[in-house]
Amino acid sequence: MADFLLELLSEEIPARMQARAITDLDRLVGDELRGAGLIFETSEAHVTPRRLALHVTGLPHASPDTVEERKGPRIDAPEKAIEGFLKASGLTLDQCEQRETPKGKVWFAVRSVPGRPTPEILTEAIGTVLAKLPWPKSMRWGESAFRWVRPLHGILALFDGVALGGTVEPVADRRYVLSDLTQGHRFLAPAPITVTSFADYRDKLRAASVILDRDERKTMIWQRVEELAEAEGLMPRDDPALLDEVAGLVEYPVVYAARIDEAFMSVPDEALITAMRSHQKYFALLTQDGKLAPRFVLVANTETSDGGAAVVAGNERVLRARLSDAKFFWDQDRQHSLGSRVPRLKQITFHDKLGTMDGKVDRVEALAATIAHDVPGADIDRVRSASRLAKADLVTGMVGEFPELQGIMGRYYALEDGEHAEVADAIADHYAPLGPNDQCPTAPVSVAVALADKIDSLVGFWSIDEKPTGSRDPYALRRAALGVIRLILENKLRLSLRGVFAAALANYPGAPDETIADLPSFIADRLKVSLREQGVRHDLIDAVFAVSGDDLVSLLNRVEALREFLDTDDGANLLVAYRRAANIERIEAKKDKVNDFGIVDEGSLREAEEKSLWDALGKTGRAVQPLLETEAFTGAMAELAKLRPQVDRFFDAVTVNADDAELRRNRLALLSEIRATIDQVAHFSAIEG
Amino acid sequence: MTTRPAIADPPGSFQEIILRLQSFWAERGCVVLQPYDMEMGAGTFHPATTLRALGPEREWNCAYVQPSRRPTDGRYGENPNRLQHYYQFQVMMKPSPADSQGLYLDSLYALGIDPGLHDIRFVEDDWESPTLGAWGLGWEVWCDGMEVTQFTYFQQVGGIECDPVPVELTYGLERLAMYILDKENVYDLPFNAPGGNGAKTYGDVFLRSEREFSAYNFELADAPTLFQHFKDAEAACTALIEARKALPAYDQCIKASHLFNLLDARGVISVVERQAYIGRVRNLARQCCEIWLDAA
C-alpha cells in the first residue's frame, strides 16, 4: 500500500472558490481511481490561496487483473458474422470459448486484462482533474487555450514517495511536469522545496511559512483575535463568514490589533463595521456592553522585520480614508430628511415590468394599512409612515456605497428626523426575516410593513409569471414566502391569505385574478419545507391544508391536534377504520364503474349496527361543526373518537357487499358518509404510515 | 532561490514615481508611450491597450501614463482622496509573461516597497468595462490593505476573445504616491523634489483645476449641448466605421464615452436610460475593434 500526494500550485485563488474546489478535487480524483478499479483507504484535500492539495492513502501499486467477456454469434452463424466478431475482439477462433445459452451454442471471447500500474492511472486522473474541475469562473493566459481559475504554475505528484515524472498536457501547448517540487510562502520562503511524502510536504511547507490546513489557519487567526481583544479588555465581534474568507486570503496568518480614529466613532456602528469588513476584511472589537470599540484586528499574510509597525500604520491609514468616506456620507445624508428623498425612488427600478421603487412604496403602504387591521396593536398612521419611508435610504450616499446597510441606515436617519421609534424600527426590520435563522420582527408596525413588502413582491412577480423554478429563484421569492409564514405564525396573526393576496393584487391594475391562483399552494409547500425542518409531518399538513389552508395559525393548531389524536388508540384505530372504509368504497366504485353510491336511505338501514352508526355519524357531524368554527380542534377530534366503537361494530357485524343490490348500495353510501364526516376535520387519506 | 533585485530607495516625489515606473518598464521591453490626447475615463481606453489587446501583432508590450477623468468623482478639491482628474500608470503585456506576478512585484521593489516590511496581497477582483465590452480576471493588489494596482488578465475586448491573452496592470498613481510618500491628503503630495526652489505640491498643480472642473461637471456643463455632442460623436463614429478607418472611428467612440460620463455627472441620465447609453457606446467599441482586426 502506498500514498499519493498531489499539489496544484497557482496564482492566488479567490477565497470564495476554495472550499468548493477541494471538494471537487477530492471527488474527481476519487471517481477516477474507483473507475480504474483502485481501492484506497482515505482521501483528504487541502487548500491555501495558492495551492490545492490532495492526499490519498492506502493505494495498491497496480489495479487488479480483470476478465473481459464478449458474447459473439452462434457457432453455426454464417462465416462472415464469425469473422467480424473475431476481428472486433482481436482473437483467433481457438482463443474463443463455446458456451451453451438459451439461444444455442454461442462463441464467447474471454480475455484476461492485466491490472495497470497505479502511477499510470494517477497520471490520467491528473489530466482529468485539469480538464474537469468546475471553477465558477476560469480564464486563459499567455498563448494557450487552457483554462484554470488563475494561471497554474506547477504540479507536484508523488506516488509512494517518488515523483510520477512524465508530463500532462491538458491542451497541446500547455505542458506540466509531474514533479516532487513546490514553493513556500511567496515572500518569506520563495525557494523551491523537494518533497518525499505528505508529512514531509506539510512540515516543509510549515517551515516555509505556509500553513496547509485551512481549519488550522482559522483556529490560529481566531485564537489570536481573541487574545488581542482580551489584552485590551474587549471581545471580538463574532463573524464566521469573514473568518472563512480571511483564512482563504493568507497562507501564513499574522494578526495585529490597530486603532480606529476617535473622530469616526460618531458614525453608527453598523456603518463602521460594514466599511471595515466588506472592503478591508477587518474584524471589529466590542466593548463589554457590546458597543463598537475604537479598535480593529487585521490579518496579514506575512511577518515583517519591524514587527508589523508599517503594516499596522498602513492599514490604519487606509481605514481612515475609508471611514472619512463613511463619515462624509453620514454627515451629508442627514442634511436631507428621509421623507424628502421618497420622490427620488422614481429613479430606482424595482423590476422592468413592475415599475420603479416609488410605485412599490405606494403599494406597500396601501397593503400594510390593510394588513394592520389584523395585527393587534399596530398604529395605522405609523404603519403608513414606516411604509413610505422604508425604501428611502436606498437613495442615500451611505446605502449607495454600502448596499448591505439598507434599512439599518434608514432607521438611523428616521430617528434623526424625529420619527417615532416604532417607525424607525420598522424601517430597519421590514426586510426581515431573511431566512429560517434570521430574527423575525415582533413589533406590530414592523410586522405589518414586513408582511406587506414581501406579499407585494410575491403577488407582483406572480402576476408577471416570474416564479421560482428548480434552483432558479432570482428574486428570492422562496425566502419571501418563508418570511410571510414566519411573520404570521410567530406573531399568531389571524389572517386570510387569499384575502391579503387579493388586496395585494388590486394594487397591480390590470393583473388578472387567475395569476395568483397557485400562490396559496406555493405558500403551503414552503410551509411544509419549513415545518419538516422542525420535525412536523408534512402528510399531516397536507391532510389539514385540504380543508383549511387560508389561515396558517388555525392550520397549525389543527395539525397539532391531529398529531396528538393520531397518537391515541382511538385516533390510530379510527385511521384504520377510515382506510378500510375508503378502500372498500374505492374498489367497489371501480367494479361498478360509478363515482359514488349516492346518499344513504335511512329506510334501507336494516341491521342495528347500521342504524346506530348512521345515528352516530349524524351526531358527530353536528357536534364537530361548531367545534371547528370555534377552533376547538382537540374537542373535534374527541368527537371523532366517539365514532370508533360504532365503526368497529359495523365492520364486525355487517356485510357491506350484500346480495341485495339496494342494500349493498346503501351500505357503501354509509361508508362514504364515514369518510365525509371525518374529512370535515382533516383529510385522513393524506396521512401516511 | 529566486533572485530578486534589491529594494530601491523610495522615490521622493510624485513625478519620480512616474519616472521610475517608466524606466522600469522600458528596461523590460515596453514601448513607453505618452498619454493619449483625449479625455477618457481610464487608461484602458487608450488605443494602445484597447485595440492592441486584440491585434494585429501577437506581441505588444507598452507602458504609459494616462490622465483619467471621472466627472462624478469630483469633490471641489475638498476631499483628500477623491479627484475628478487623476493619473493612471498603465502597462499592457501581450502575451502575458509566464511570471507576470513576479515582474509586477519587481516594479514595486523599484518603487522602494519592501515585502520584508509590507503585506502585499493579491485579492480577487474581476475587472469589467461595460462600455468597452471588455472583461478579465485578476486581483486588486493590496499593500498593507491599500489597493495599489488593478491586475487583470484580459479575456475579451470589444466582445472579441483575446488571443493571446494580455495582462494589464493599472497603478493608481496618486494613491500609490500617498502611500509611498506618507501623505494623507493628495494635495500635499510633493509633485517634484520637495524643499528646493520651484518645489510644487500636487495641490499647487491641480487644486484649482479640481475646483473649477467640479463646478463644470456638476453645475455648468450644458446638458442639451452634451446630448448633441454625444449624437454627433456617435454619428461620426458610425460613418468612420463605414469607411473602415478604425483609429479615427475609435477616437469618436472615446469621445462618446466621455460625454456619457459628463451627462451622468450632471444627473440627467435616468437609471433606465443609463443601460441604453452604455449599450450604445459598447456597440461602437465593438465595431471599432472588429474593423481594427479586419483591416489589419
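The values are calculated or read from the model by the stated rules, or taken from the named source; none is laboratory data. The shown structure was predicted, so the numbers you read here are calculated from the model rather than taken from an experiment. Note: ideal-geometry Cβ built from the backbone for every residue, glycine included; neighbour counts use all protein chains shown. Side chains are part of the model used for accessible areas, which takes the heavy atoms of the whole protein and leaves out ligands, DNA and RNA. Shrake-Rupley method; radii C 1.70, N 1.55, O 1.52, S 1.80 Å.
Summary of values
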| quantity | calculated |
| --- | --- |
| Residue under evaluation B:Gly77, criteria (1) more than 8 Å from chain A (Cβ to nearest Cβ); (2) at pLDDT 95 or above; (3) over 14 Å from the mean Cα position of the chain (by Cα), criterion not met | (2) |
| Residues of region A:543-555 classified as part of a helix (DSSP H, G or I) and either in the same structural domain as A:Val500 (by TED's automatic domain parsing) or surrounded by fewer than 19 Cβ atoms within 10 Å (Cβ to Cβ) (or both), total | 2 |
| Which numbered condition A:Pro268 fails, given (1) touching a Phe, Trp or Tyr at 6+ places or on another chain (Cβ under 6 Å); (2) buried (at least 21 other Cβ atoms within 10 Å of the Cβ) | (2) |
| Count of residues meeting criterion [surrounded by fewer than 15 Cβ atoms within 10 Å (Cβ to Cβ) and either over 30 Å from A:Val246 (Cα atoms) or within 28 Å of the chain's Cα centre (by Cα) (or both)] in region A:34-59 | 6 |
| Whichever residue in region A:154-189 is closer than 29 Å to B:Asp126 by Cα and surrounded by fewer than 17 Cβ atoms within 10 Å (Cβ to Cβ) and, among such residues, is nearest to the other protein chains (Cβ to nearest Cβ) | A:Asp173 |
| Selection within region A:219-257 - open to solvent by less than 50 Å² (accessible area, probe 1.4 Å), within 19 Å of B:Arg121 (Cα to Cα) and assigned to a helix (DSSP H, G or I) | A:Ile221, A:Leu242, A:Leu243, A:Val246, A:Ala247 |
| Candidates A:Leu628, A:Leu640, A:Leu613 - the one that is open to solvent by less than 60 Å² (accessible area, probe 1.4 Å), at pLDDT 90 or above and not in a loop (DSSP other than H, G, I, E, B) | A:Leu613 |
| Selection within region A:654-668 - in a helix (DSSP H, G or I), open to solvent by less than 60 Å² (accessible area, probe 1.4 Å) and closer than 19 Å to A:Asn583 by Cβ | A:Arg664, A:Asn666, A:Arg667, A:Leu668 |
| Pairs, first part of a helix (DSSP H, G or I) in region B:4-25, second surrounded by fewer than 16 Cβ atoms within 10 Å (Cβ to Cβ), C-beta under 6 Å, six or more apart | B:Gln22/B:Val32 |
| Residue list for region A:304-355, filter: small (Gly, Ala, Ser), assigned to a loop (DSSP other than H, G, I, E, B) and touching a residue at least 60 places away in the same chain (Cβ under 8 Å) | A:Ser337 |
| Single condition A:Ala452 does not satisfy, out of (1) open to solvent by 20 Å² or more (accessible area, probe 1.4 Å); (2) within 18 Å of A:Gln406 (Cβ to Cβ); (3) not aromatic (Phe, Trp, Tyr) | (1) |
| In region A:136-148, the residues that are surrounded by 19 or more Cβ atoms within 10 Å (Cβ to Cβ) and at the interface with chain B (Cβ under 8 Å from one of its Cβ atoms) | A:Met139, A:Arg140, A:Trp141, A:Gly142 |
| Residues of region A:296-309 satisfying the condition of being open to solvent by less than 40 Å² (accessible area, probe 1.4 Å) and within 23 Å of A:His185 (Cβ to Cβ) | A:Val297, A:Leu298, A:Val299, A:Ala300, A:Asn301, A:Thr302, A:Thr304, A:Gly308 |
| Residue, nearest to the other protein chains (Cβ to nearest Cβ), within region A:18-33, restricted to residues that are among the hydrophobic types (A, V, I, L, M, F, W, C) and open to solvent by 10 Å² or more (accessible area, probe 1.4 Å) | A:Ala19 |
| Subset of region A:479-506 [open to solvent by 40 Å² or more (accessible area, probe 1.4 Å) and touching a residue at least 60 places away in the same chain (Cβ under 8 Å)] | A:Lys492, A:Arg494 |
| Checklist (1) at pLDDT 90 or above; (2) among the small types (Gly, Ala, Ser); (3) in contact with a Lys or Arg (Cβ under 8 Å, 6 or more places away or on another chain) applied to A:Ser89, failing item | (1) |
| Output for region B:160-179, where each listed residue is within 11 Å of chain A (Cβ to nearest Cβ), under 20 Å from A:Glu316 (Cα atoms) and of a type in the set (A, V, I, L, M) | B:Met178 |
| Matching residues, region A:310-350, being within 13 Å of chain B (Cβ to nearest Cβ) and open to solvent by less than 20 Å² (accessible area, probe 1.4 Å) | A:Val311, A:Gly314, A:Asn315, A:Val318, A:Leu319, A:Leu323, A:Ala326, A:Leu345 |
| Members of region B:57-73 found to be within 14 Å of another protein chain (Cβ to nearest Cβ) and either on the phi > 0 side of the Ramachandran plot or touching a strand residue (DSSP E or B) at 6+ places or on another chain (Cβ under 9 Å) (or both), listed by number | B:Glu57, B:Arg58, B:Glu59, B:Trp60, B:Asn61, B:Asp73 |
| Residue that is nearest to B:Ala285 (Cα to Cα) [pool: residues in region B:123-139 that are open to solvent by less than 30 Å² (accessible area, probe 1.4 Å) and at the interface with chain A (Cβ under 10 Å from one of its Cβ atoms)] | B:Gly136 |
| A:Ala208 being in contact (Cβ under 8 Å) with a residue 24 or more places away in the chain, within 14 Å of chain B (Cβ to nearest Cβ), buried (at least 17 other Cβ atoms within 10 Å of the Cβ) and out of contact with any Pro (no Cβ under 6 Å at 6 or more places or on another chain) | yes |
| Hey, A:Arg277 modelled with pLDDT under 95 and within 14 Å of chain B (Cβ to nearest Cβ) or not | yes |
| Condition broken by A:Ser266, with the remaining ones in (1) within 13 Å of chain B (Cβ to nearest Cβ); (2) over 30 Å from A:Asp453 (Cβ atoms); (3) not in a helix (DSSP H, G or I) satisfied | (1) |
| Matching residues in region B:88-122 - criterion: being surrounded by 20 or more Cβ atoms within 10 Å (Cβ to Cβ), within 12 Å of chain A (Cβ to nearest Cβ) and of a type in the set (Gly, Ala, Ser) | B:Ser96, B:Ser100 |
| Options A:Glu120, A:Glu124: the member that is part of a helix (DSSP H, G or I), open to solvent by 50 Å² or more (accessible area, probe 1.4 Å) and touching a residue at least 24 places away in the same chain (Cβ under 8 Å) | A:Glu124 |
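Yes/no per residue for (1) in contact (Cβ under 8 Å) with a residue 40 or more places away in the chain; (2) within 14 Å of chain A (Cβ to nearest Cβ); (3) open to solvent by 30 Å² or more (accessible area, probe 1.4 Å):
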{"position": "B:Val141", "(1), (2), (3)": "no, yes, no"}
{"position": "B:Asp144", "(1), (2), (3)": "no, yes, no"}
{"position": "B:Phe154", "(1), (2), (3)": "yes, yes, no"}
{"position": "B:Gly158", "(1), (2), (3)": "yes, no, no"}
{"position": "B:Glu184", "(1), (2), (3)": "yes, yes, yes"}
{"position": "B:Thr201", "(1), (2), (3)": "no, no, yes"}
{"position": "B:Phe213", "(1), (2), (3)": "yes, no, yes"}
{"position": "B:Tyr216", "(1), (2), (3)": "no, no, yes"}
{"position": "B:Pro224", "(1), (2), (3)": "no, no, yes"}
